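Encoded as structure tokens, the structure appears first; notes follow it.
The values are calculated or read from the model by the stated rules, or taken from the named source; none is laboratory data. As the structure is a prediction and not an experimental result, all values here were calculated from the model. A quick note on method: Cβ atoms are made from the backbone with ideal geometry, for glycine too, and the neighbour counts reach across all protein chains shown. Ligands, DNA and RNA are stripped out before the accessible areas are found, and what is left, the full protein with its side chains, is counted by its heavy atoms. Shrake-Rupley method; radii C 1.70, N 1.55, O 1.52, S 1.80 Å.
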Amino acid sequence: MDREIQAELLEHMQMGIDDNMARGMSREQAEREARLRFGSPSAMRERVGAEDAALGLESLGRDVRTALRGFVKSPGFSLVVVGTLALGIGANTAIFELLDAVRLRSLPVLKPGELAEVRIAGGNGGFGINNGLVGNFTVPMWQEVKDHHDPFSGIFAWRTDEMLLGKPSDAHRAYGLEVSGNLFNVLGVPPWQGRLIEPQDEAGCDLTKVVASYAFWKSEMAGAPITANSTLMVEGKTVQVLGVTPPSFFGLVVGDRFDLAYPTCTPPNPRREVFALSVMGRLKPGWNLQHATEYFNALSPGLFERTAPEGYSPETIKAFKAFRLAAYPAGAGVSYLRNEYNSSLELLLAITGLVLLIACANLANLMLARASGKQREVAIRMALGASRGRVLRQILLESALLAMIGAALGIALAQPLSRALVNALNTSQNSIHLTILPDWRVLVFAAVVSVATCVVFGTLPAVRNANANPITAMRSGERGVAGNRERFAVQRAMVITQVAVSMVLLVAALLFVRSYRNLMTVDPGFRESGISVGYFNFPMMKIKPENLAAYKRQLVEDVRALPGIENAAGTTNVPLSGGSWSHHVQVDALDGSSKFTYVSPSYFATLGIPLLTGRNFTDRDTNDSPLVLVVNQTFIRKYIRTPSPIGQHVHVRPEPQYPERTYEIVGTIPDTKYGDLRDETPPMAFVPIDQFPVTAQGPFLAMMFAGRDRSSAVETVRRMFEQKHPGTIMQFYDFEQGIRDNLVGDRMMALLSGFFGILAALLVVVGLYGVLTYFLAQRRGEIGIRIALGASRRRVVGGLLVEAVVMLLVGLAAGTGLALLAGREASSMLFGLKPWDPMVLAASALLLAIVTLLSSLVPALKAANVDPISSLRSE
């Protein structure tokens, strides 16, 4: 454009020089006069460029107004396109927002990219419960690393915990964050009010000081100013509130939150086998993760030699000393959500991407139909002088406007959708706390999706219309007698694509719905309904360890004697609650491990677990009597090689707090579920709760009790404890609801995949109906000739439906193949069925067939009822 403007200015300058010379001026005078008249060439070029830009903007404005008038004249077309795009882009953006919040976003602290976590490479398998997220350090290990942390400018330890607030009779749960004294300093988190925990606060192990989170401060403390007299009742004692953290700081676990932070405790003789702490630090300038890993790897042999626990077998101690520390990135924190729902969110993003693909195919088909319907208008415009570029711009602009409107509505829709997803993952016991806000990544994602939608699916209709021959288009009008079937090839391909993708989505929906149904109906092997679970904590009662077992036994008997209570039992592990404890066992020459649970004699009767052989526990089974076991069928199959397991002896290796013991099997029970409904039943051994080692007695008791009316049963138990055992801190929850809460991820996948599967089927109906209506409108003359020549209307309808059936069959074949390939990726998330389940494939194909035929029948019947005379006259 600059070159054209320059050439035009030179031409005008030369014309002015020629005119001056013709009037008798010399060459020099003529050039000087022309330059004075034209002024500065640069200024002239800028003025002409500005005028051209203004004309271009004016032209663009006219095109925008023309496109908007077209949308108003075709409200059905506009609403369908914008609505489908908004749903597709909104669903994709919502899932991406969750992925952004869970996986991509950094912690709200100072320079999070400098943070690194130190943990045992590969986890600490065999030493307590560890999921690779938290609890990689014992207290002695932390003390060693605290003294040797050369790669870090600052280092800290932390762990999450649960606390009870308020009076014992009316206590409620709060989320605690135990932190070392320099955590807030290293993270660069300033106080919102008061001050935060500092190194000098670590002295002693009595809980006397806490720091409140902003949300807790607003909700539980009414936002009152923090003073020296600000206190709370925590775990039955009064503690001072030092300060409040900023609103943005939620802790170090993404998707979780803390209510109160308190200083970590370092007892004089810490337990060397309890892995409870996580350790993070801020890398010094010049250090990276590789160098830090090399440093801690070199430090590891001496560290694990000095911190080795006692009470384990030599083989276990050897495994402990072989551990090695490594450094890992920690700028995004840790997250149970990331670990548990990462595959689900990625799969949902793929599903919503397929929904968007169907929506885009609808857009392309409808735009092609609209463009073909406007061929006569385009031909007249081109015949009157409009360039192909101008026509191409006009049609592309329509696609861009539709994509922009759909994207704007999609982004607005993404917020409530993503919040609904988070709420769907909440349970009665745990709630998820995520900050769902559209940051630059989310906006870029939505912009890229909308631009790709416009470019990929709006270009083809624009190019086809812009390349049309004006004379041919005006001669043929909007309809042709025979029609050119080849020009419908793209539309047919789009319909086939929609059917194939919908087949994939429907198969996924039915698979996840059936998988969830299988989980809901699986028999765990024990009673679920009518059972309540109570957790009791006796830290303030100062009961001697040797008397604690008798006290717990008395509590169970007191509950069993209450009116309305059918039965009650104490246990160290509630089934399907996620808890676990294993011991290494030896039966004759067979070695392995087994899950262990300590239960009261009424445990099996309370849960309705039948005794198959042998006897149940009694009150006479104590630490002063022979040690006994009741085992499940998996234990028998794995370790027992004699006809009868009764009387067989099971040797248990020693562990800290758990001495070496030999038990006798006195009874057997059927297999029951243990940690998760999905898992195979492990070997399980049950021990009388009165034979719990005295050294391992803890301050907690889980009691399971059955009642005809759960709420009244819980209230009865609560009143009894308040009267007979004041000071006992209690928490209750519904056992059956707790089991269902563990299926929240499966429920989410079933609901969302089902929703998107139905949405895909509806989009197929809209797309197929619109395309077939356009097809038949283009072939109206052909249909009129057939009817005029004697074809029956039934035959016309049948012939038209054949085309829909052909597209359906091709789409189903392609979709079935894609569904089988995609099913492999989702097989690990299914329960009780395979990805190639024939019933699911048949049901999906049948549903799509019904949808396709119904959406094809209405336009076919309308076309068959055309008046042949009117149809031929219009040609």
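See the values below:
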item: Residue, modelled with the lowest pLDDT, within region 192-208, restricted to residues that are of a type outside the set (Gly, Ala, Ser) and over 18 Å from ASN229 (Cα atoms); result: CYS205
item: Residue satisfying all of: in region 261-290; polar (S, T, N, Q) and open to solvent by 20 Å² or more (accessible area, probe 1.4 Å); farthest from LYS209 (Cα to Cα) among these; result: GLN290
item: Meets criteria (within 16 Å of GLU117 (Cα to Cα), out of contact with any His (no Cβ under 7 Å at 6 or more places or on another chain) and aliphatic (A, V, I, L, M)) for VAL210; result: no
item: Matching option when the condition is closer than 22 Å to MET503 by Cβ and at pLDDT below 85, among ALA860, ALA761, ALA842, ALA788; result: ALA761
item: Search result, residues across region 817-846 that are part of a helix (DSSP H, G or I) and surrounded by 18 or more Cβ atoms within 10 Å (Cβ to Cβ); result: ALA819, ALA822, GLY823, ALA826, VAL840, LEU841, SER844, ALA845
item: Test: ALA22 is small (Gly, Ala, Ser), in contact with a helix residue (DSSP H, G or I) (Cβ under 6 Å, 6 or more places away or on another chain) and either at pLDDT 80 or above or assigned by TED's automatic domain parsing to the domain that holds VAL451 (or both); result: no
item: Selection within region 636-674 - in a strand (DSSP E or B) and either modelled with pLDDT under 90 or of a type outside the set (Ser, Thr, Tyr) (or both); result: HIS649, VAL650, HIS651, VAL652, GLU655, TYR658, ARG661, GLU664, ILE665, VAL666, GLY667
item: Residue check, GLU398 farther than 23 Å from ALA446 by Cα, assigned to a helix (DSSP H, G or I) and more than 29 Å from the chain's Cα centre (by Cα); result: no
item: Number of positions in region 185-207 that are hydrophobic (A, V, I, L, M, F, W, C) and touching an Asp or Glu at 6+ places or on another chain (Cβ under 8 Å); result: 1
item: Positions within region 306-332 being open to solvent by 20 Å² or more (accessible area, probe 1.4 Å), in contact (Cβ under 8 Å) with a residue 40 or more places away in the chain and either on the phi > 0 side of the Ramachandran plot or not aliphatic (A, V, I, L, M) (or both), in sequence order; result: ARG306, GLU310, GLY311, TYR312, THR316, PHE323, ARG324, TYR328, PRO329
item: Tally, over region 315-353, of residues that are closer than 16 Å to ASN136 by Cα, under 16 Å from the mean Cα position of the chain (by Cα) and among the hydroxyl-bearing types (Ser, Thr, Tyr); result: 2
item: Filter result for PHE735 (open to solvent by less than 20 Å² (accessible area, probe 1.4 Å) and not assigned by TED's automatic domain parsing to the domain that holds LEU576); result: yes
item: Residues that are at pLDDT 90 or above, in contact with a strand residue (DSSP E or B) (Cβ under 7 Å, 6 or more places away or on another chain) and in a loop (DSSP other than H, G, I, E, B), drawn from region 675-696; result: PRO682, PRO683
item: Which listed residue, of MET720, MET749, MET730, is under 17 Å from VAL559 (Cβ atoms) and modelled with pLDDT of 80 or more; result: MET720
item: Unique residue being in contact with a helix residue (DSSP H, G or I) (Cβ under 9 Å, 6 or more places away or on another chain), within 30 Å of PRO151 (Cβ to Cβ) and among the charged types (D, E, K, R) when the list is ARG381, ARG393, ARG388, ARG338; result: ARG338
item: In region 395-445, the residues that are open to solvent by 10 Å² or more (accessible area, probe 1.4 Å) and polar (S, T, N, Q); result: GLN415, ASN423, ASN426, THR427, SER428, GLN429, ASN430, SER431, THR435
item: Residue match in region 625-638 (condition: in contact with a Ser or Thr (Cβ under 9 Å, 6 or more places away or on another chain), over 16 Å from PRO683 (Cα atoms) and among the hydrophobic types (A, V, I, L, M, F, W, C)); result: yes
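Rundown of residues vs (1) open to solvent by 70 Å² or more (accessible area, probe 1.4 Å); (2) part of a helix (DSSP H, G or I); (3) outside the structural domain of MET703 (by TED's automatic domain parsing); (4) not hydrophobic (A, V, I, L, M, F, W, C), yes/no style:
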{"residue": "ASP558", "(1), (2), (3), (4)": "no, yes, no, yes"}
{"residue": "ALA568", "(1), (2), (3), (4)": "no, no, no, no"}
{"residue": "ASN573", "(1), (2), (3), (4)": "no, no, no, yes"}
{"residue": "HIS584", "(1), (2), (3), (4)": "no, no, no, yes"}
{"residue": "THR606", "(1), (2), (3), (4)": "no, yes, no, yes"}
{"residue": "PRO610", "(1), (2), (3), (4)": "no, no, no, yes"}
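Every residue, every condition in (1) within 41 Å of the chain's Cα centre (by Cα); (2) more than 30 Å from ARG747 (Cβ to Cβ); (3) open to solvent by 50 Å² or more (accessible area, probe 1.4 Å), yes or no:
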{"position": "GLY647", "(1), (2), (3)": "no, yes, no"}
{"position": "THR672", "(1), (2), (3)": "yes, no, no"}
{"position": "ASP676", "(1), (2), (3)": "yes, no, yes"}
{"position": "ALA696", "(1), (2), (3)": "yes, yes, no"}
{"position": "MET704", "(1), (2), (3)": "yes, no, no"}
